[in-house]
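Remarks on the structure that follows.
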Amino acid sequence: MAEPTATSDGALLEARQLTRHFRIGGLRGHTLHAVDDVDLRIAEREIVAVVGESGSGKSTLARLLAMAYRPTSGEILYRGRPVGALKSRKDLLAYRGQVPMVFQDPFSSLNPSHTIGYGMLRGLKLHQPQLDRAGREAEADRVLEIVGLVPPRRVMARYPFELSGGQRQRVGFAYALSYRPRLILADEPVSMLDVSIRIGLLNVMARLREDEGVSILYITHDIASARYVSDRVIVMYAGHVVEHGPTEKVLHESVHPYTKLLLSAVPDPRAKVAISSADLGEPPRVIDPGEGCRFRFRCPLAQPVCGEVTPRLTATGLGHEAACHVTAPDRATTSTGSGLE
Amino acid sequence: MADAVLEVRDLCVDYATRSAPAKAVERVSFDLHRGEFMAIVGESGCGKSTLLFAIARLLSPPAELTGGDVRFNGTSMVQLGEKQLRALRWRDFSVVMQSAMNALNPVKSIAAQYRDAMRAHDKHLSKAAIEERSREVLLLVGIDPVHLHSYPHQLSGGMRQRAMIAMALLFSPELILMDEPTSALDVVAQRSLMTKVKELQERLGFAIIFVTHDMSLVSNFSDRLAVMYAGQVSEIGPTELLFSDPKHPYTKGLLDAFPSIYGERVELVGIPGSPPDLSDPPGGCHFHPRCGEASERCASTAPGLYDLGDRQVRCLLYADEGTDRG
């Protein structure tokens, strides 16, 4: 794929009404709505966080964008071109090199029987075939240094079991970086690491954007770490986007009851919390969900209308958008479905 | 101490390795009072889970208890045989493991697993009594008793973890040992589990030792906090005090490692480096290679655990302020 320029409005990657359903349960089949009608756009040099609990569809969203899953409907545009139209192996490879993924589990995402260097050089051979052996090694040195694994030659000679979880996750970012990416899809990259290690990796992500100009889609259930690195936050619940906007707006002027629940769940010694606020934390219902707001079963503000009409993302007047009949009522009867600007 | 349910004295655990033994727990001492919630925090590999297993006498080779004593209600656990231990487990103290998915038997219903535990202590318990108690404990943790006949895979991660806690409550034990019970859960489920545990503890009055790597998690819940590093207690004291006025550089580092949703967005540094190899820990203070406040003598002199009155701290900066507790 040649280097097409980004669309005039600066979107690097854009998703329009992206939907992915899974058929489950044999003959009398049910449909699991993992991702429903999601619009999103990521600009150059931007870090966007997707926040939600288990089952909110955030990982499915990342896999759709990585082309690991085919969308049920909707489309994905990379630099203005639909990725669904990419058919040749060469184009797909180029897309996957420019939009690579970093996985959650550093203990199972690296091949245990090969050294770090082996995986790195193989990836480079595939994604940067123009490089000769010396060029590949120089590139490997460069990316390992960027993610803070020094000296690079010693790290390359190691096997995954010889590295700590934090180091392995840095290797994941180094692999992704060696393909000269424009956007890294990071699916819960720090959730399996010790708290003391996480911050170092979040700093690596911030540095990748600053120094390498890479955009990052950061998927997490931890809204506090999302605040630490991201410019914008998308809050997902049961496959829907429920709130979206600039990070500080979403955190400090949140209107959706689910965003508020997520915020109240963050353990923070600086905040005195009411111990009585026990939300039972049942996972979202996404099998044959039907019409209506999917958060209504847990929502303290639920009204009859919430069971009948699916709320759409609506501008809150505070500089961001939310999908809630109660706190962000949609004044126009026909919503414009404005998308995530 | 009269009201201590658990007294741990100079406990040492080694892991046998081909070279020198790895000292996973090195002379750890503390008392746990009746109904107290104590948290043990530290990074992976600091020995916190090993300590918990040593207390529960669940160690298996290559781990070996090499010294010290654990007294549970005045009885030395170290001396007990398997049979005596079996009589205590579940009934007087119970353990909640890290991963409920692996701790629950996947081919048995929740009811069957509860029945096993109860029958192990009283063969003559009637079916009805078992059923009744099982329902009670499920209600306690906020699970609808219809799930009693469910299999583990039919429950969500949070429910499985609560089902494990319910199992630990079958006999209303005096002490529950919890090893990172929330680490596989997302933030919302984690919060609701912590709230539930605290509520049950206040209602039923059992004592808890709660092991976690996430210091922020226990801030609103535990009474006392022990910070472990490289097999040793580096600071121990009231939770609120350790959060508001940490003394040990490692405690300060842990506190600065998680971002907040409040206040200014500031750049955090975490703790540089990684925990040491326990079979060859650095000389002097084990933490000195990663410590921002280390001086020359930290590399040569091993600090004692200094008692400052309100807490104990293992750092040479406080050597002159308190008496050494070893």
> What residue, among those in region B:35-54 that are in a helix (DSSP H, G or I) and in contact with a Gly (Cβ under 9 Å, 6 or more places away or on another chain), is nearest to B:P181 (Cα to Cα)?
Replying inline: B:K48
> Restricting attention to region B:217-235, does a residue exist that is more than 25 Å from B:L305 (Cβ to Cβ), facing chain A (nearest Cβ under 9 Å), within 19 Å of the chain's Cα centre (by Cα) and not charged (D, E, K, R)?
Replying inline: yes
> Taking region A:111-125 as the region of interest, how many residues are out of contact with any Leu (no Cβ under 7 Å at 6 or more places or on another chain) and part of a helix (DSSP H, G or I)?
Replying inline: 8
>> B:A120 - would you say it is closer than 17 Å to B:L104 by Cβ, hydrophobic (A, V, I, L, M, F, W, C) and surrounded by fewer than 22 Cβ atoms within 10 Å (Cβ to Cβ)?
In response: yes
> So is B:F243 surrounded by 13 or more Cβ atoms within 10 Å (Cβ to Cβ), at pLDDT below 90, within 23 Å of A:S225 (Cα to Cα) and in contact with a Pro (Cβ under 9 Å, 6 or more places away or on another chain) or not?
Replying inline: no
> basic (K, R) and either over 23 Å from A:S215 (Cβ atoms) or assigned to a helix (DSSP H, G or I) (or both), is that true of A:R45?
Replying inline: no
> Picking from B:E293, B:E264, which residue would you name as being more than 9 Å from chain A (Cβ to nearest Cβ) and at pLDDT below 85?
Replying inline: B:E264
> assigned to a helix (DSSP H, G or I), more than 10 Å from every other protein chain (Cβ to nearest Cβ) and closer than 26 Å to A:H244 by Cβ: does that describe A:R209?
Replying inline: yes
>> I'm trying to understand the selection: among the residues of region B:275-293, which are touching a residue at least 12 places away in the same chain (Cβ under 8 Å) and surrounded by 18 or more Cβ atoms within 10 Å (Cβ to Cβ)?
In response: B:P275, B:P276, B:L278, B:P281, B:G284, B:C285, B:H286, B:F287, B:R290, B:C291
> Quick one: would you say B:V146 is part of a helix (DSSP H, G or I) and either away from chain A (no Cβ under 11 Å) or of a type in the set (S, T, N, Q) (or both)?
Replying inline: yes
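Does region B:189-209 contain any residue that is part of a strand (DSSP E or B), within 11 Å of another protein chain (Cβ to nearest Cβ), in contact (Cβ under 8 Å) with a residue 24 or more places away in the chain and buried (at least 24 other Cβ atoms within 10 Å of the Cβ)?
There is no residue in region B:189-209 that is part of a strand (DSSP E or B), within 11 Å of another protein chain (Cβ to nearest Cβ), in contact (Cβ under 8 Å) with a residue 24 or more places away in the chain and buried (at least 24 other Cβ atoms within 10 Å of the Cβ).
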> Do you know which of the residues in region B:169-188 that are within 14 Å of another protein chain (Cβ to nearest Cβ) and of a type in the set (D, E) is surrounded by the most Cβ atoms within 10 Å (Cβ to Cβ)?
Replying inline: B:D186
> Which of (1) over 22 Å from B:P238 (Cβ atoms); (2) at pLDDT below 90 is the odd one out, the single condition B:V25 does not satisfy?
Replying inline: (2)
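The values are calculated or read from the model by the stated rules, or taken from the named source; none is laboratory data. Bear in mind that the values here come from a model prediction, so they are computed numbers and not experimental data. For neighbour counting, all protein chains shown are included, and Cβ atoms are generated from backbone atoms with ideal geometry for every residue, glycine included.
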